[in-house]
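Q: For reference, the structure I am asking about is given below.
The values are calculated or read from the model by the stated rules, or taken from the named source; none is laboratory data. Because the structure is a prediction, the values reported are computed rather than measured. Note that we place each Cβ from the backbone using ideal geometry, even for glycine, and neighbour counts take in every protein chain shown.
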Amino acid sequence: MKKQIDSLVKLQEMDRSLDRLRWQIAQGPERLRGLEEEAHTLEEEIEADKRRIQDLKKTQRQYEADIEDDIAHIRKSRGRLMSIKNNREYRALLKEIEEAEKGTADTEDKLLGCLEELEELNEELETKEKALVALGERLESEETATAIELARVQEELSDIETCKKELIETIDSKLLEKYERIKAASGGIAVALVDNATCSECHMGIPPQMYNELQRQDTLEFCPNCQRIIYWKRTEAAA
Ligand SMILES: [Zn+2]
């Protein structure tokens, strides 16, 4: 029985290594996906900035055209002033020119605001584009590193799987079934070491009679609390 239990302990170590390696394999692409998502978000932001810049440029051109028209119109009105003899008409036109000049000043303010926003956006765009390039480089090196790591982990995994197959051949099939059943029911741990008459998994005490049996190592014992297969190991202090 001792040999069988030793094999189960080894099997459990292998199973835990396999779980850890499978987790590592799943984790690699996860990290890459995070970076890809980051790049995607940045790309979308860049596209939105570019659209906004296009809109602002259109608005800028519109303001510039308006100002040009206004100036031409004002110049024409000033020309007409010379030919007006009627005082009332003269004043009316003068007032109209004043209003037009005020309107032009407003448009010029708006144009200035538009140009400022354009400058800010262009700077932001440049920063984001640089960040995207850096992110792309990082993604590429991460992909290479992940591929190398994945190959290493997969090799380790298949080595352990080969050892596991060999080990399973040496274990009684009924015992193996029990092991698998307890493992599935107990969070992946089917075999627990008993140290100082205490189960190392659930930390409950083992009754003295059972503890004596366990130390004889010729029967299969189960933890009365967590139902795992328990085993005892002669420690150096005890030896
Ligand atoms: Zn227990």
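Q: Would you check which residues across the range 83-97 are of a type in the set (A, V, I, L, M) and over 22 Å from Asp69 (Cβ atoms) and list them?
A: Ile84
Q: Could you say which residue among Lys165, Lys183 is surrounded by 16 or more Cβ atoms within 10 Å (Cβ to Cβ) and closer than 30 Å to Glu30 by Cβ?
A: Lys183
Q: Restricting to the range 192-223, what's the tally of residues that are farther than 21 Å from Asp6 by Cβ and within 8 Å of the ligand (Cβ to nearest atom)?
A: 3
Q: Are any residues in the range 34-84 in contact (Cβ under 8 Å) with a residue 40 or more places away in the chain, under 27 Å from Glu120 (Cβ atoms) and among the charged types (D, E, K, R), and if so, which ones?
A: Glu38, Glu43, Glu45, Asp49, Lys50, Arg52, Lys57, Glu64, Asp66, listed by residue number.
Q: For Glu142, state whether it is at pLDDT below 95 and in the same structural domain as Lys58 (by TED's automatic domain parsing).
A: Here the answer is yes, as Glu142 does meet what is asked.
Q: Okay, next question. Restricting attention to the range 221-239, which residues are part of a loop (DSSP other than H, G, I, E, B), modelled with pLDDT of 95 or more and surrounded by fewer than 19 Cβ atoms within 10 Å (Cβ to Cβ)?
A: Pro224, Asn225, Cys226, Gln227
Q: Take the residues in the range 58-108 that are of a type in the set (Asp, Glu) and more than 30 Å from Leu118 (Cα to Cα); name whichever of them is farthest from the chain's Cα centre (by Cα).
A: Only one residue tops the list, namely Glu89.
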